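Structure first, then comments.
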Amino acid sequence: MNLLLSAIKFFLGIVGHSHAVVADAVHSLSDMGTDLLILLGVKFWSAPADERHPYGHQRVETVVTLCISLILVAVAFGLGWDAIKRLGGESKCPPLSIALFGPLFSIIAKEILFRRTRIVGKRIHSSALIANAWHHRSDALSSIPAFVAVAAAAANPKWAFLDSLGAMVVSILILKVAWDIAAPALSELMDHGASKEDLRKITDLALAISGVCSIHRLRTRRVGSGWFVDLHVLVDGDQPVRKGHDIATAIQHKLLEDGPSVADVTVHIEPDEKEEL
């Protein structure tokens, strides 16, 4: 679909003398590039843990997400700079009405792709796939100013400068989407923790296990599509080691099954001093 959209918009943009539509075609072409990144990357980040990567390969998904955002930044700056240069010159040939069909077809097709891709991304908790979905949405949104600019410039030749202005608006929209995609990925690389709501849910699930007196030192960090959870659990110190181990195992299973996208759990068992007194 991305390849077809790029071809259609390139053709109509060149034939219709519209720089905004050509810029929109470049954006669709970059969508195809990020699709390839997803297809190649998923083989790596879904691979099981090994000796050199004991925590798995989920960070590859984060890197792919950042790559998608960097591609968008490069596309945005390239289109924006070209639009600025064209805006300073005199337009010898205003856009033709035929160029309107490019962004119109793109708006419809990319919105469908956005919705379908986002549904799958949320279902499997994939940040890279959700990022790619928003890349589709950015293409749909960027087609709107392209459509308006071409329509205005085609209606009145004096407004031909709006075509280049539309291309600039497209580049700004792409830049905004790039930041929205990069921000969560950067936070993940900095090991940001879960939200207060998720922490509260993790705490409640752990405290619901029989034999747990209290918990403390609850820490979380995002790795790929899930949270890695580390917590200290206080239990009755007079219980046998086997009982403490069973409690820890029960907490792990509970958090993995009912926790907020929990991918891994480490439980440290400690004796409750109050119980001993």
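The values are calculated or read from the model by the stated rules, or taken from the named source; none is laboratory data. This is a predicted model, so every value here is computed, not measured. For neighbour counting, all protein chains shown are included, and Cβ atoms are generated from backbone atoms with ideal geometry for every residue, glycine included.
Counting the residues of segment 93-125 that are out of contact with any helix residue (DSSP H, G or I) (no Cβ under 7 Å at 6 or more places or on another chain) and either over 30 Å from residue 262 (Cβ atoms) or buried (at least 22 other Cβ atoms within 10 Å of the Cβ) (or both) gives 3. Pairs are defined by a Cβ separation below 8 Å, a sequence spacing of at least 6 or placement on different chains, a first member in segment 193-208 that is at negative phi, and a second member that is among the charged types (D, E, K, R); the pairs so defined are 193/219; 193/221; 194/222; 205/254; 205/258; 206/254; 208/254.
Condition first: surrounded by 13 or more Cβ atoms within 10 Å (Cβ to Cβ), part of a helix (DSSP H, G or I) and at pLDDT below 85. Now tell me which residues in segment 75-92 satisfy that. Those that are surrounded by 13 or more Cβ atoms within 10 Å (Cβ to Cβ), part of a helix (DSSP H, G or I) and at pLDDT below 85: 75, 76, 78, 79, 80, 82, 83, 84, 86, 87.
Among the residues of segment 174-206, those identified as surrounded by fewer than 21 Cβ atoms within 10 Å (Cβ to Cβ), within 22 Å of the chain's Cα centre (by Cα) and hydrophobic (A, V, I, L, M, F, W, C) are 175, 179, 182, 183, 186, 189, 190. Name the one entry in 119, 68 that is under 25 Å from the mean Cα position of the chain (by Cα), over 23 Å from residue 151 (Cβ atoms) and without any contact (Cβ under 8 Å) to a residue 12 or more places away in the chain. The match here is 119. Scoring residue 36 on the criteria (1) free of Cβ contacts under 8 Å to residues at least 60 places away in the same chain; (2) crowded, with 18+ Cβ neighbours inside 10 Å; (3) under 15 Å from residue 117 (Cα atoms) leaves a single failure, condition (2). Is it the case that segment 118-132 has a residue that's at pLDDT below 85, part of a loop (DSSP other than H, G, I, E, B), assigned by TED's automatic domain parsing to the domain that holds residue 151 and under 20 Å from residue 13 (Cα atoms)? For segment 118-132, residues at pLDDT below 85, part of a loop (DSSP other than H, G, I, E, B), assigned by TED's automatic domain parsing to the domain that holds residue 151 and under 20 Å from residue 13 (Cα atoms): absent.
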